[in-house]
1. Which pairs have Cβ atoms under 6 Å, sit 6 or more apart or on different chains, and link a residue in segment 44-58 that is assigned by TED's automatic domain parsing to the domain that holds Ile24 to one that is buried (at least 18 other Cβ atoms within 10 Å of the Cβ) and aromatic (Phe, Trp, Tyr)?
2. Name the residue that is farthest from Asp130 (Cα to Cα), counting only residues in segment 144-168 that are of a type in the set (A, V, I, L, M, F, W, C) and not in a helix (DSSP H, G or I).
3. Restricting to segment 4-36, name every residue that is farther than 25 Å from Asp85 by Cβ and among the basic types (Lys, Arg).
4. Looking at segment 172-184, can you tell me whether even one residue there is modelled with pLDDT under 95, more than 24 Å from Leu101 (Cβ to Cβ) and not aliphatic (A, V, I, L, M)?
5. Taking the stated definitions as given, is Trp336 of a type in the set (A, V, I, L, M, F, W, C), within 28 Å of the chain's Cα centre (by Cα), part of a loop (DSSP other than H, G, I, E, B) and closer than 27 Å to Asp123 by Cβ?
6. Condition test on Ala241, is it in the same structural domain as Thr335 (by TED's automatic domain parsing), loosely packed, with under 13 Cβ neighbours inside 10 Å and either of a type in the set (A, V, I, L, M) or under 24 Å from the mean Cα position of the chain (by Cα) (or both)?
7. Return a yes/no flag: does segment 218-234 have any residue that is out of contact with any strand residue (DSSP E or B) (no Cβ under 7 Å at 6 or more places or on another chain) and at pLDDT 95 or above.
8. If we scan segment 82-89, do we find a residue that is among the charged types (D, E, K, R) and either closer than 20 Å to Glu144 by Cα or not in a strand (DSSP E or B) (or both)?
Amino acid sequence: METKDFPGVELRVGRARIGEGVRIGEGTVIVADQLVLADGAVIGAGCDLRSAHLELGAGAHVVHGARWLVADAVRLGAGSVVDADSEVVCREWSVGEGCYLGHRLRVGAGASMEERSTLRIGDRCQIAPDVVVNPTEPVVIGDEVGISAQVAIWTHGYHAGHPVRDGHGAAFAGVEVQDGVWLGVRAMVLPGVRVGAGTVVAALGLVNRSLPAGVLAAGVPARVKHVLQPQALDVASRREAVAVLVEDWIARLRFKGLMVEPAGPSQGGGWSVARSGERWEVALRTGVGQGPGLVEVRRAGAWAWAVFDFAEPLAVRGALDELGHDLRDFLRRATWLFPYAGNSWGLVPERFARLLD
(Lines give C-alpha, C1' and ligand atoms only; values in the text may rest on other atoms or scores of the structure.)
Protein backbone atom coordinates (compact mmCIF):
# COMPACT_ATOMS: atom_id res chain seq x y z
CA MET A 1 0.00 0.00 0.00
CA GLU A 2 1.23 3.46 -0.91
CA THR A 3 -0.26 6.87 -0.22
CA LYS A 4 -0.60 7.36 -3.97
CA ASP A 5 -3.48 4.88 -3.72
CA PHE A 6 -5.40 7.57 -1.79
CA PRO A 7 -4.65 11.02 -3.28
CA GLY A 8 -4.79 13.88 -0.80
CA VAL A 9 -4.60 11.50 2.17
CA GLU A 10 -1.80 11.38 4.75
CA LEU A 11 -1.12 7.91 6.15
CA ARG A 12 1.42 7.61 8.95
CA VAL A 13 0.95 3.90 9.45
CA GLY A 14 3.42 1.22 10.52
CA ARG A 15 1.57 -1.77 9.10
CA ALA A 16 -1.61 -1.84 7.03
CA ARG A 17 -4.06 -4.38 5.69
CA ILE A 18 -6.52 -2.80 3.28
CA GLY A 19 -9.26 -4.71 1.51
CA GLU A 20 -11.02 -4.27 -1.81
CA GLY A 21 -13.15 -1.22 -2.51
CA VAL A 22 -11.85 0.85 0.41
CA ARG A 23 -12.31 4.62 0.02
CA ILE A 24 -10.63 7.43 1.97
CA GLY A 25 -11.63 11.05 1.38
CA GLU A 26 -9.28 13.91 0.66
CA GLY A 27 -7.70 15.82 3.51
CA THR A 28 -7.86 12.85 5.86
CA VAL A 29 -4.96 12.04 8.21
CA ILE A 30 -4.57 8.57 9.72
CA VAL A 31 -1.88 7.86 12.34
CA ALA A 32 -1.61 4.25 13.54
CA ASP A 33 0.88 1.53 14.30
CA GLN A 34 -1.52 -0.91 12.66
CA LEU A 35 -4.37 -0.12 10.27
CA VAL A 36 -6.97 -2.67 9.18
CA LEU A 37 -9.64 -1.63 6.68
CA ALA A 38 -11.84 -4.49 5.54
CA ASP A 39 -13.55 -4.69 2.15
CA GLY A 40 -15.78 -1.74 1.36
CA ALA A 41 -14.82 0.37 4.38
CA VAL A 42 -15.18 4.12 3.86
CA ILE A 43 -13.54 7.06 5.62
CA GLY A 44 -14.89 10.45 4.62
CA ALA A 45 -13.05 13.64 3.77
CA GLY A 46 -11.28 15.77 6.35
CA CYS A 47 -11.03 13.15 9.09
CA ASP A 48 -8.17 12.92 11.60
CA LEU A 49 -8.03 9.42 13.08
CA ARG A 50 -5.24 8.47 15.51
CA SER A 51 -4.90 5.19 17.37
CA ALA A 52 -2.27 2.50 17.91
CA HIS A 53 -4.66 0.00 16.34
CA LEU A 54 -7.40 1.23 14.02
CA GLU A 55 -9.77 -1.36 12.54
CA LEU A 56 -12.88 -0.90 10.39
CA GLY A 57 -14.96 -3.94 9.51
CA ALA A 58 -16.46 -4.72 6.12
CA GLY A 59 -18.65 -1.87 4.88
CA ALA A 60 -18.05 0.27 7.98
CA HIS A 61 -18.29 4.00 7.34
CA VAL A 62 -16.76 6.97 9.14
CA VAL A 63 -18.43 10.07 7.71
CA HIS A 64 -16.53 13.32 7.12
CA GLY A 65 -15.01 15.53 9.79
CA ALA A 66 -14.25 12.87 12.41
CA ARG A 67 -11.61 13.70 15.05
CA TRP A 68 -10.51 10.62 17.00
CA LEU A 69 -7.64 10.27 19.48
CA VAL A 70 -7.77 6.76 20.95
CA ALA A 71 -4.51 5.60 22.50
CA ASP A 72 -4.81 1.82 22.25
CA ALA A 73 -7.47 0.60 19.82
CA VAL A 74 -10.54 1.54 17.81
CA ARG A 75 -12.68 -1.25 16.38
CA LEU A 76 -15.73 -0.40 14.28
CA GLY A 77 -17.76 -3.47 13.39
CA ALA A 78 -18.98 -4.54 9.97
CA GLY A 79 -21.60 -2.24 8.50
CA SER A 80 -21.52 0.27 11.34
CA VAL A 81 -21.70 4.00 10.61
CA VAL A 82 -20.33 6.91 12.63
CA ASP A 83 -21.94 10.00 11.15
CA ALA A 84 -20.38 13.39 10.51
CA ASP A 85 -18.26 15.46 12.88
CA SER A 86 -17.69 12.91 15.63
CA GLU A 87 -15.13 13.73 18.35
CA VAL A 88 -13.66 10.85 20.33
CA VAL A 89 -10.95 10.88 23.02
CA CYS A 90 -10.44 7.79 25.17
CA ARG A 91 -8.06 4.91 25.75
CA GLU A 92 -10.04 2.22 23.89
CA TRP A 93 -13.27 2.23 21.89
CA SER A 94 -15.15 -0.65 20.28
CA VAL A 95 -18.40 -0.63 18.33
CA GLY A 96 -20.19 -3.81 17.27
CA GLU A 97 -21.79 -4.67 13.96
CA GLY A 98 -24.69 -2.89 12.30
CA CYS A 99 -24.69 0.20 14.54
CA TYR A 100 -25.56 3.77 13.64
CA LEU A 101 -23.96 6.60 15.66
CA GLY A 102 -25.41 10.00 14.81
CA HIS A 103 -23.96 13.38 13.95
CA ARG A 104 -21.70 15.16 16.43
CA LEU A 105 -21.12 12.22 18.74
CA ARG A 106 -18.81 13.33 21.53
CA VAL A 107 -16.83 10.78 23.51
CA GLY A 108 -14.58 12.36 26.11
CA ALA A 109 -15.78 15.53 27.82
CA GLY A 110 -13.02 15.57 30.41
CA ALA A 111 -10.43 13.22 31.97
CA SER A 112 -10.83 10.56 29.28
CA MET A 113 -7.14 9.74 28.72
CA GLU A 114 -6.89 7.60 31.83
CA GLU A 115 -6.17 3.88 32.29
CA ARG A 116 -9.86 3.03 32.68
CA SER A 117 -11.14 5.31 29.91
CA THR A 118 -12.88 2.72 27.75
CA LEU A 119 -16.16 2.61 25.83
CA ARG A 120 -17.75 -0.56 24.47
CA ILE A 121 -20.89 -0.47 22.32
CA GLY A 122 -22.59 -3.70 21.29
CA ASP A 123 -24.29 -4.77 18.06
CA ARG A 124 -27.19 -3.09 16.25
CA CYS A 125 -27.32 0.00 18.47
CA GLN A 126 -28.96 3.21 17.27
CA ILE A 127 -27.54 6.44 18.68
CA ALA A 128 -29.10 9.77 17.70
CA PRO A 129 -27.25 13.09 17.13
CA ASP A 130 -25.55 15.18 19.82
CA VAL A 131 -24.96 12.42 22.35
CA VAL A 132 -22.19 12.88 24.94
CA VAL A 133 -20.42 9.94 26.60
CA ASN A 134 -17.81 10.59 29.27
CA PRO A 135 -15.66 7.46 29.78
CA THR A 136 -13.38 8.61 32.58
CA GLU A 137 -14.40 5.19 33.95
CA PRO A 138 -15.56 2.29 31.75
CA VAL A 139 -18.85 2.65 29.88
CA VAL A 140 -20.48 -0.51 28.55
CA ILE A 141 -23.49 -0.32 26.22
CA GLY A 142 -25.17 -3.60 25.27
CA ASP A 143 -26.77 -4.86 22.08
CA GLU A 144 -29.76 -3.20 20.37
CA VAL A 145 -29.68 -0.15 22.63
CA GLY A 146 -31.47 3.02 21.51
CA ILE A 147 -30.04 6.35 22.68
CA SER A 148 -32.04 9.42 21.73
CA ALA A 149 -30.79 12.89 20.87
CA GLN A 150 -28.85 14.95 23.43
CA VAL A 151 -28.48 12.14 25.95
CA ALA A 152 -25.46 12.43 28.26
CA ILE A 153 -23.70 9.60 30.11
CA TRP A 154 -21.26 10.63 32.86
CA THR A 155 -18.74 8.62 34.85
CA HIS A 156 -17.37 11.39 37.03
CA GLY A 157 -18.89 14.18 39.05
CA TYR A 158 -17.05 16.63 41.27
CA HIS A 159 -16.20 20.30 41.67
CA ALA A 160 -12.91 21.70 43.00
CA GLY A 161 -14.81 24.26 45.04
CA HIS A 162 -16.54 21.46 46.94
CA PRO A 163 -13.63 19.26 48.11
CA VAL A 164 -14.00 15.86 49.73
CA ARG A 165 -11.82 17.02 52.63
CA ASP A 166 -14.59 19.46 53.55
CA GLY A 167 -17.20 16.72 53.55
CA HIS A 168 -18.47 17.09 49.99
CA GLY A 169 -19.03 14.13 47.69
CA ALA A 170 -17.28 13.12 44.47
CA ALA A 171 -18.19 10.35 42.08
CA PHE A 172 -15.91 8.27 39.85
CA ALA A 173 -17.67 5.13 38.66
CA GLY A 174 -18.48 3.34 35.43
CA VAL A 175 -21.85 3.03 33.71
CA GLU A 176 -23.54 -0.03 32.21
CA VAL A 177 -26.51 0.20 29.84
CA GLN A 178 -27.72 -3.33 29.22
CA ASP A 179 -29.25 -4.92 26.11
CA GLY A 180 -32.40 -3.43 24.63
CA VAL A 181 -32.48 -0.27 26.76
CA TRP A 182 -34.05 2.89 25.35
CA LEU A 183 -32.86 6.25 26.72
CA GLY A 184 -35.27 9.04 25.80
CA VAL A 185 -34.42 12.53 24.55
CA ARG A 186 -32.13 14.49 26.90
CA ALA A 187 -31.99 11.72 29.48
CA MET A 188 -28.92 11.91 31.71
CA VAL A 189 -27.14 8.91 33.25
CA LEU A 190 -24.86 9.62 36.22
CA PRO A 191 -21.79 7.73 37.54
CA GLY A 192 -22.13 4.23 38.95
CA VAL A 193 -25.49 3.49 37.34
CA ARG A 194 -26.62 0.23 35.75
CA VAL A 195 -29.73 0.40 33.55
CA GLY A 196 -31.28 -3.07 33.35
CA ALA A 197 -32.05 -4.87 30.09
CA GLY A 198 -35.13 -3.72 28.21
CA THR A 199 -35.78 -0.72 30.44
CA VAL A 200 -37.08 2.58 29.03
CA VAL A 201 -36.00 5.91 30.50
CA ALA A 202 -38.43 8.64 29.52
CA ALA A 203 -37.35 11.95 28.00
CA LEU A 204 -35.52 14.28 30.41
CA GLY A 205 -35.11 11.49 32.97
CA LEU A 206 -32.18 11.86 35.39
CA VAL A 207 -30.82 8.42 36.25
CA ASN A 208 -28.83 8.76 39.47
CA ARG A 209 -29.30 5.22 40.76
CA SER A 210 -29.46 1.81 39.10
CA LEU A 211 -32.71 0.69 37.48
CA PRO A 212 -33.98 -2.89 37.21
CA ALA A 213 -34.67 -4.65 33.94
CA GLY A 214 -37.93 -4.27 32.05
CA VAL A 215 -39.40 -1.11 33.57
CA LEU A 216 -40.41 2.38 32.53
CA ALA A 217 -38.63 5.05 34.57
CA ALA A 218 -39.20 8.80 34.43
CA GLY A 219 -38.60 11.98 36.35
CA VAL A 220 -35.85 13.91 38.11
CA PRO A 221 -34.53 11.79 39.65
CA ALA A 222 -35.86 8.90 37.58
CA ARG A 223 -38.20 6.54 39.43
CA VAL A 224 -39.82 3.32 38.27
CA LYS A 225 -43.35 4.11 37.09
CA HIS A 226 -44.42 0.62 36.08
CA VAL A 227 -43.18 -2.75 34.90
CA LEU A 228 -43.24 -3.26 31.15
CA GLN A 229 -45.32 -6.28 30.19
CA PRO A 230 -45.13 -6.62 26.41
CA GLN A 231 -46.97 -9.53 24.83
CA ALA A 232 -45.74 -10.91 21.52
CA LEU A 233 -48.24 -10.77 18.66
CA ASP A 234 -49.82 -14.05 17.62
CA VAL A 235 -49.44 -15.15 14.00
CA ALA A 236 -52.71 -13.58 12.84
CA SER A 237 -51.97 -10.21 14.48
CA ARG A 238 -48.42 -10.29 13.20
CA ARG A 239 -49.67 -11.00 9.68
CA GLU A 240 -52.03 -8.03 9.92
CA ALA A 241 -49.22 -5.78 11.18
CA VAL A 242 -46.99 -6.87 8.29
CA ALA A 243 -49.71 -6.05 5.75
CA VAL A 244 -50.12 -2.55 7.22
CA LEU A 245 -46.34 -2.00 7.16
CA VAL A 246 -46.02 -3.01 3.52
CA GLU A 247 -48.94 -0.84 2.41
CA ASP A 248 -47.40 2.10 4.25
CA TRP A 249 -44.02 1.49 2.57
CA ILE A 250 -45.65 1.32 -0.87
CA ALA A 251 -47.38 4.67 -0.23
CA ARG A 252 -44.05 6.20 0.75
CA LEU A 253 -42.48 4.96 -2.48
CA ARG A 254 -45.09 6.98 -4.37
CA PHE A 255 -44.14 10.06 -2.33
CA LYS A 256 -40.50 9.45 -3.21
CA GLY A 257 -41.35 9.72 -6.90
CA LEU A 258 -41.49 6.05 -7.87
CA MET A 259 -44.27 4.80 -10.10
CA VAL A 260 -46.28 2.11 -8.32
CA GLU A 261 -49.04 0.05 -9.94
CA PRO A 262 -50.83 -3.08 -8.74
CA ALA A 263 -49.49 -6.17 -10.45
CA GLY A 264 -52.00 -8.34 -12.29
CA PRO A 265 -53.00 -11.87 -11.22
CA SER A 266 -50.78 -13.31 -13.94
CA GLN A 267 -47.83 -11.75 -12.09
CA GLY A 268 -48.90 -13.22 -8.77
CA GLY A 269 -50.33 -9.96 -7.36
CA GLY A 270 -48.34 -7.37 -5.45
CA TRP A 271 -46.98 -4.24 -7.06
CA SER A 272 -44.91 -3.14 -10.01
CA VAL A 273 -42.47 -0.38 -9.00
CA ALA A 274 -40.53 1.75 -11.49
CA ARG A 275 -38.10 4.66 -11.52
CA SER A 276 -35.86 6.10 -14.26
CA GLY A 277 -36.02 3.07 -16.49
CA GLU A 278 -35.66 0.58 -13.62
CA ARG A 279 -38.47 -1.72 -12.59
CA TRP A 280 -39.08 -4.06 -9.67
CA GLU A 281 -41.70 -6.58 -8.67
CA VAL A 282 -42.80 -6.54 -5.04
CA ALA A 283 -45.04 -9.22 -3.56
CA LEU A 284 -46.46 -9.89 -0.09
CA ARG A 285 -47.00 -13.58 0.61
CA THR A 286 -49.21 -14.52 3.55
CA GLY A 287 -50.47 -17.93 2.49
CA VAL A 288 -50.43 -21.19 4.41
CA GLY A 289 -46.91 -22.19 5.39
CA GLN A 290 -45.56 -18.66 5.08
CA GLY A 291 -46.09 -17.71 8.71
CA PRO A 292 -46.65 -14.04 9.45
CA GLY A 293 -45.65 -13.18 5.89
CA LEU A 294 -42.89 -12.89 3.34
CA VAL A 295 -42.06 -9.83 1.25
CA GLU A 296 -40.26 -10.50 -2.02
CA VAL A 297 -38.39 -7.80 -3.95
CA ARG A 298 -36.95 -8.51 -7.38
CA ARG A 299 -35.47 -6.22 -10.01
CA ALA A 300 -37.02 -6.88 -13.42
CA GLY A 301 -34.87 -9.22 -15.47
CA ALA A 302 -33.04 -10.62 -12.46
CA TRP A 303 -33.44 -14.22 -11.36
CA ALA A 304 -32.66 -13.74 -7.69
CA TRP A 305 -35.24 -12.52 -5.19
CA ALA A 306 -34.58 -10.73 -1.93
CA VAL A 307 -36.97 -12.17 0.64
CA PHE A 308 -37.91 -10.60 3.99
CA ASP A 309 -39.24 -13.28 6.34
CA PHE A 310 -41.29 -11.86 9.23
CA ALA A 311 -41.25 -15.05 11.29
CA GLU A 312 -38.93 -15.20 14.30
CA PRO A 313 -36.04 -14.76 14.03
CA LEU A 314 -36.39 -12.06 11.38
CA ALA A 315 -34.33 -12.93 8.33
CA VAL A 316 -33.33 -11.59 4.92
CA ARG A 317 -32.49 -14.06 2.18
CA GLY A 318 -30.79 -13.02 -1.02
CA ALA A 319 -28.99 -9.79 -1.91
CA LEU A 320 -30.51 -6.37 -1.36
CA ASP A 321 -30.39 -3.73 -4.08
CA GLU A 322 -31.40 -0.10 -3.56
CA LEU A 323 -35.12 -0.87 -3.26
CA GLY A 324 -34.45 -3.72 -0.86
CA HIS A 325 -32.30 -1.43 1.26
CA ASP A 326 -35.10 1.17 1.26
CA LEU A 327 -37.51 -1.44 2.60
CA ARG A 328 -35.06 -2.61 5.25
CA ASP A 329 -34.42 0.99 6.34
CA PHE A 330 -38.18 1.66 6.55
CA LEU A 331 -38.69 -1.50 8.61
CA ARG A 332 -35.83 -0.52 10.94
CA ARG A 333 -37.55 2.77 11.69
CA ALA A 334 -40.70 0.80 12.42
CA THR A 335 -38.62 -1.30 14.91
CA TRP A 336 -38.42 -4.44 12.74
CA LEU A 337 -34.64 -4.92 12.71
CA PHE A 338 -33.75 -7.31 9.91
CA PRO A 339 -30.15 -8.58 10.16
CA TYR A 340 -28.02 -7.97 7.10
CA ALA A 341 -24.38 -7.13 6.46
CA GLY A 342 -24.14 -3.36 6.73
CA ASN A 343 -26.52 -0.49 7.29
CA SER A 344 -29.33 0.30 4.89
CA TRP A 345 -30.17 3.72 3.49
CA GLY A 346 -33.53 4.88 2.19
CA LEU A 347 -34.06 6.22 -1.30
CA VAL A 348 -33.96 10.02 -1.44
CA PRO A 349 -37.37 11.45 -2.48
CA GLU A 350 -37.26 12.92 -5.98
CA ARG A 351 -38.27 16.40 -4.78
CA PHE A 352 -35.15 16.44 -2.58
CA ALA A 353 -32.85 14.64 -5.03
CA ARG A 354 -33.40 17.25 -7.77
CA LEU A 355 -32.16 19.97 -5.41
CA LEU A 356 -28.95 18.03 -4.77
CA ASP A 357 -27.98 17.57 -8.44
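1. From residues that are assigned by TED's automatic domain parsing to the domain that holds Ile24, the pairs are Leu49/Trp68.
2. Of the residues in segment 144-168, the ones of a type in the set (A, V, I, L, M, F, W, C) are 145, 147, 149, 151-154, 160, 164.
Remaining after also requiring not in a helix (DSSP H, G or I): 145, 147, 149, 151-154, 160.
Values: Val145: 16, Ile147: 10, Ala149: 6, Val151: 7, Ala152: 9, Ile153: 12, Trp154: 14, Ala160: 27 Å.
Taking the candidates together, the pick is Ala160.
3. Result: Lys4, Arg15, Arg17.
4. Yes: segment 172-184 contains one or more residues that are modelled with pLDDT under 95, more than 24 Å from Leu101 (Cβ to Cβ) and not aliphatic (A, V, I, L, M).
5. Working: of a type in the set (A, V, I, L, M, F, W, C): yes; within 28 Å of the chain's Cα centre (by Cα): yes; part of a loop (DSSP other than H, G, I, E, B): yes; closer than 27 Å to Asp123 by Cβ: yes.
Yes.
6. Here the answer is no, as Ala241 does not meet what is asked.
7. Pass one, segment 218-234, residues out of contact with any strand residue (DSSP E or B) (no Cβ under 7 Å at 6 or more places or on another chain): 219, 229-234.
Narrowing further to those that are at pLDDT 95 or above: 219.
Yes, segment 218-234 contains at least one residue that is out of contact with any strand residue (DSSP E or B) (no Cβ under 7 Å at 6 or more places or on another chain) and at pLDDT 95 or above.
8. The answer is yes, given that some residue of segment 82-89 is among the charged types (D, E, K, R) and either closer than 20 Å to Glu144 by Cα or not in a strand (DSSP E or B) (or both).
The values are calculated or read from the model by the stated rules, or taken from the named source; none is laboratory data. Here the structure is a predicted model, which means the values were calculated and not measured. A quick note on method: Cβ atoms are made from the backbone with ideal geometry, for glycine too, and the neighbour counts reach across all protein chains shown.
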